Amino acid sequence: MVRSMTGFGRASSDEGSDHCFLVEIKSVNHRYLDLNVRMPRGMISLEERIRRVVSEKLNRGKVDVFINYKDYGKRDSMAKLNSDLADSYYKCLAELQGRFEVKNDITLSLIARFPDVIYQEEKEDDLELMWKELSFLMENSLDKLSAMRVVEGEKLKIDILNKCDIIKSNMMKIEEKSPKVVIDYKKKLEERIQELVEVASLDENRLSMEVAVFADKCCIDEEITRLNSHIEQTKATLELEEPIGRKLDFIVQEMNREANTIASKSQDLEITNLVLNIKNEIEKIREQVQNIE
């Protein structure tokens, strides 16, 4: 099954609750799995679990996870005294009174007004209970994202197969044309020699040798065979039930290598134009492969 690396998934808590989770996960193409998690500071200890859940579902892609949490209920809280800080404030005030010999008007209300002497402490959230709900929403979001990646992947598969058929069609024309190149060369060589020398007959052995050397230099049978093989490998790979992006990327590189070799050996304008058509389709496949997991 072909999976794209582009997708989006979203899930949230049921309405009517005294709190709400919102989980959004989006992914785009990337060479490896690049995971970025944005979440409330109070839940930072859950980040490793979140990363593990995502990595079990996804193999490649730049993945952004956004987690938002709102608590609409009344939170248990209580006032706390920072006695060490209060002592420090009192000592500072007493020192100032002694240094400047002014009236000591230190009062309880004065010290209590200083920052953080009396502070409010909220009851910590039960992270295990939060994780139970959050993990469910994570799975839900990832399922939606994966479903979108599958739909997109099937579109990529169809497009790549169509391009493989176009390449195959051009290859068939090259295979048909290739043997005629040597025959045409021999004919042109004979005509050229006839124009240059005034002899009744040609040295057939020398002519055959020249034609054989030319045929060896421009022979593309091996390249045609390998390129056809790469096309079949591409089609077979598209049917695998595993991540195939890296494998396809390698096959496409080999396809391009064989096309370049055929172009360098080509002595025929028609074959050269056919190879250019093939290279154009290979480049389109390469671009599509970059977005396959």
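Quick notes
- Rounded to the nearest 10 Å², the accessible area of residue 8 at probe 1.4 Å: 90 Å²
- Residue 126 accessible area, 1.4 Å probe, all protein chains in place, Å² to nearest 10: 90 Å²
- Looking at the range 223-293, the accessible area is 49 square angstrom per residue; that uses a 1.4 Å probe and ignores ligands, DNA and RNA.
- Kirkwood radius and radius of gyration were both taken over the C-alpha atoms of the range 1-107, and their ratio Rg/Rh is 1.37.
- Where 172, 255 fall by accessible area, highest first, once all protein chains stay in place (1.4 Å): 172, 255
- Largest first, the residues 89, 32, 119 sort by 1.4 Å accessible area into 32, 119, 89.
- Environment charge at residue 22 (Cβ cut-off 10 Å; Lys +1, Arg +1, Asp -1, Glu -1): +1
The values are calculated or read from the model by the stated rules, or taken from the named source; none is laboratory data. In this text, all values refer to a predicted model and were calculated from it rather than measured experimentally. Positions of Cβ are backbone-derived with ideal geometry, glycine not excepted, and every protein chain shown enters the neighbour counts. The accessibility values were calculated without ligands, DNA or RNA, using every heavy atom of the protein model including side chains. Shrake-Rupley method; radii C 1.70, N 1.55, O 1.52, S 1.80 Å.
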